[in-house]
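We did not get these values from a lab; they are worked out from the coordinates using the rules stated. Since the model is a prediction, treat every value here as computed from it, not as a measurement. Every residue, glycine as well, gets a Cβ built from its backbone with ideal geometry; the counts of neighbours run over all protein chains shown.
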Amino acid sequence: MATPVNSKFLVGIFDDDDVVLKAVREVRESGVRIHEVYTPFPIHGLDVALGHPRSRLGIAAFMFGLTGCITALLLMSYTEKFDWPMVVGGKDSFSFPIYIPITFELTVLFTALGMVATFIISNNMGPTVKPLMFDLRTTDNKFAMAIDLEKNSLQETAIESILKQSGAAEVNVKQF
Amino acid sequence: MHITSAVRTPLVSGGKTYADVTEDVCRQVEGKPTREWTIAFTISALVLVYGSACVFYTWWEGLGVWGLNKTVGWAWDITNFVWWVGIGHAGTLISAILLLFRQKWRTSVNRAAEAMTIFAVVCAAMFIFMHMGRPWMAYWALPLPNTFGSLWVNFKSPLVWDVFAISTYFTVSLVFWYMGLVPDLATIRDRARSKVSRYIYGALSLGWNGSAKTWARYEYMSLILAGISTPLVLSVHTIVSMDFATSVIPGWHTTIFPPYFVAGAIFSGFAMVQNLMLIIRVVFKLEDYITTEHIESMNKIITLTGSIVGVAYITEFFIAWYSGSEFESYAFINRASGPYWWAYWAMMTCNVISPQLFWSKTIRTSVVWTFVLSVVVNIGMWFERFVIIVTSLHRDYLPSSWAMFHPTLFDISDYIFSFGLFFTLFLLFAKFLPVVNMAEVKAIIKSSSEKLPQSVSGVAKGERVTNPTFNKNVD
């Protein structure tokens, strides 16, 4: 999410997850563009209601896993077959079945680390990142719907009444 | 309509709201350490200091300070290693396997159980480094080119598989646990009053903002992490069991080992989770989150896995006779009636008989019984590993090398060290990080207690959450 600078936001605060989910649909139907919704816990179907595209994290995870798998196989076959062939336990220096455990472990390791790194980078997260908090209570018990006024043609008061109608407990103005 | 509803009690009792969850869990993170915590931490830290001195002495003098001899070359070190790794498995089972099975009760206990996993694996790893004798050579276990002075590692050895399995398991568990902590750390960050804690929790929460897009990705990531952790946890104890099963020692050379070890690992791990949870819920006043139903569910898993372990013991014995191999039969008869009969029967009593008591509802919902039996199970599981390792080794093919193993002060102290390490780490976790996953509990708090058909406005919050006549089966 790109950091909006000098933008004026209208922030609707909701008390309930079901209300906010319904409100998202209503607000979008009335032609208002929602910047983003902030919640203390995941709400199923909220990303769909907001029209966010499906995450491609799974593809990234698969690619990392494949990298781990190939790395392990190349490492073991190179060292055992070409670099320093050795017969252990009467088995051929290249014995594929015996490579399965380590191949599996490295696949899992690469998948996990790669996917988590992708997650952190794609969300613009990091230890020094100062998050853009529309309301500090959204990590506790409130749900905030942020609407960028500059990206909406409707008047501020009109949007405010739409938010109120769809169940917002309060509507605040936030400037970044 | 809500016919089945009255049968099931809500997962979170006491009519908690979202704000209550935050308040109840953050209380101990934000407040001053309690007296109980300070006393427990002081004891653990002292045990750790004593244990560290003994471990240092073990490394300084060499493994001769242990009671090992040329017949029994593995004893308490590997017993403790397998025991700790096994304990770790319950955390991953709760966080990954139960997530895939959509068991909502796991949300209250998964955080602490995963922390237990990580610390248990740390303890297990300490025994790996200890039994090396020269831990500064530990890098020899890594695949490094021959120019480092040794050959490439032997990729055909289960001990090398272990290096990969344990380190992958540790890393993935740590990442899984930490990513689960991030939203909760953000909650603490946003509540923090002092500048220092805002800075520390701010850095740890990685700038989490809880946007819908982040949550969607987060859920997706958790699902994939659970999906890969599930086969991972099974692979770890499978590989640990192969350290034994791929050898040709009677009593070790058994194809039943992988499933038998995995079941045993989950069995002992859940017993340890029970012990920790029963203390945490009282000390941190979290009885509404870790309810009798949680304790009962975990006891059911203990009974199931305990029974699997029991069947495995009997199968092993039967196959020893059925194989017709006299060495194999002897190994098993010697276990039950040889000089280590007491260890074998301690194992049988603790692991096969004691979990069967949980068939009684009174026992499996009793806090005292659960605590006592969980300790008994962990004693039994320690003996299981001792029986497998020491009694299989102490009688060689050559009767002139038959020997007994006598633990020395350093065998015992190095084991005590691991308790000091485990509890010191766990108490630090319990004080400075949220022991219950707030975000996940908030997500189930409504659906677990009820599901209203018209789920929107007009209904007061307290009413909706507390009403016990509605139930989670509806969804």
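Taking the Cα centre of the protein assembly as shown as the origin and placing charges on Cβ (Lys, Arg +1; Asp, Glu -1), which of B:Cys350, B:Ile314, B:Ala439 is farthest toward the positive end of the dipole? Looking along the dipole axis, the top candidate is B:Ala439. Does anything in region B:193-224 have its amide N under 14 Å from the 7 Å Cα→Cβ label point of A:Thr128, and if so which residues? In region B:193-224, the label zone of A:Thr128 (backbone N under 14 Å from the point 7 Å along Cα→Cβ) covers B:203, B:207.
Taking the 0 to 90 degree range and rounding to the nearest ten, how far is the long axis of helix B:18-30 tilted relative to the main principal axis of chain B, both from C-alpha atoms? Relative to chain B, helix B:18-30 is tipped by roughly 50 degrees.
Remark: region B:51-209 carries a charge dipole of roughly 600 debye about the Cα centre, counting +1 on each Lys and Arg Cβ and -1 on each Asp and Glu Cβ. The lysines whose alpha-carbon is closer than 23 Å to the alpha-carbon of A:Lys81, local same-chain residues fewer than 8 away aside, are A:Lys91, B:Lys156. Choose one of A:Thr107, B:Phe164, B:Gly62: the residue whose Cα lies farthest towards the positive end of the charge dipole of the protein assembly as shown (beta-carbon charges +1 Lys, Arg; -1 Asp, Glu; about the Cα centre). Positive-end residue among those listed: A:Thr107.
In loop segments of region B:243-304 as defined by DSSP, the GluC sites (Glu not before Pro) with at most 15 further C-beta atoms inside 10 Å of their C-beta are B:Glu287. Relative contact order of region A:80-176: 10 percent, from C-alpha pairs under 8 Å at least 6 residues apart in sequence.
Looking at chain B, which longest stretch skips every one of the trypsin sites (Lys or Arg not before Pro) that is in a DSSP loop with at most 10 other Cβ atoms within 10 Å, leaving the sites themselves out? List each step's numbers first, then the result.
Working: sites that count: B:Lys70, B:Arg102, B:Arg193.
The longest such stretch corresponds to B:194-475.
Principal axis extents of the C-alpha atoms in the protein assembly as shown (largest first, rounded to whole Å): 95, 61, 46. Restriction of the chymotrypsin sites (Phe, Trp or Tyr not before Pro) in region A:85-121 to DSSP coil positions whose beta-carbon has at most 15 other beta-carbons within 10 angstrom yields A:Phe94. Under a model in which nothing but the beta-carbon of Lys, Arg (+1) and Asp, Glu (-1) is charged, the protein assembly as shown shows a dipole of about 980 debye around its Cα centre. Cα centroid separation, region B:188-260 to region B:272-317: 20 Å. Averaging the sequence gap over all C-alpha pairs within less than 8 Å and six or more residues apart, then dividing by the number of residues, gives chain B a relative contact order of 33 percent.
As a quick test, which of the pairs A:Lys22/B:Lys442; A:Lys8/B:Lys446; B:Lys285/B:Lys446 have an alpha carbon distance above 24 angstrom in this structure? Before the final figure, lay out the partial values.
On the way: A:Lys22/B:Lys442 19 Å; A:Lys8/B:Lys446 34 Å; B:Lys285/B:Lys446 21 Å.
Correct reply: A:Lys8/B:Lys446.
Nearest 20 debye, what's the magnitude of the dipole of region A:5-74 about its Cα centre given +1 on Lys and Arg Cβ and -1 on Asp and Glu Cβ? Working shown, then result.
On the way: 7 positive and 8 negative charges, 79 e Å.
Computed charge dipole of region A:5-74: roughly 380 debye.
Normalised by the number of residues in region A:57-122, what is the relative contact order in percent for Cα pairs under 8 Å and 6+ residues apart? Show your work: numbers first, answer last.
Details: 57 pairs, mean separation 36.5, N = 66.
Taking the mean separation of contacting Cα pairs over the length of region A:57-122, I get 55 percent.
Across the options B:His294, B:Ser52, B:Met116, the greatest Cα extent toward the positive end of the charge dipole of chain B (unit charges at beta carbon of Lys, Arg, Asp, Glu) belongs to B:His294.
Loop-located GluC sites (Glu not before Pro) in region A:110-176 (DSSP state not H, G, I, E or B) with no more than 13 neighbouring Cβ atoms inside 10 Å do not occur. Distance from the Cα centroid of region B:34-55 to that of region B:410-440 is 10 Å (rounded to whole angstrom).
Structure remark: mean-square fluctuation, Gaussian network model of chain A, C-alpha springs under 10 Å; the largest value among A:Arg25, A:Arg56, A:Arg137 belongs to A:Arg56.
Local charge for B:Asp243 was computed over the other residues whose Cβ lies under 12 Å away, with Lys and Arg +1 and Asp and Glu -1, and equals 0.
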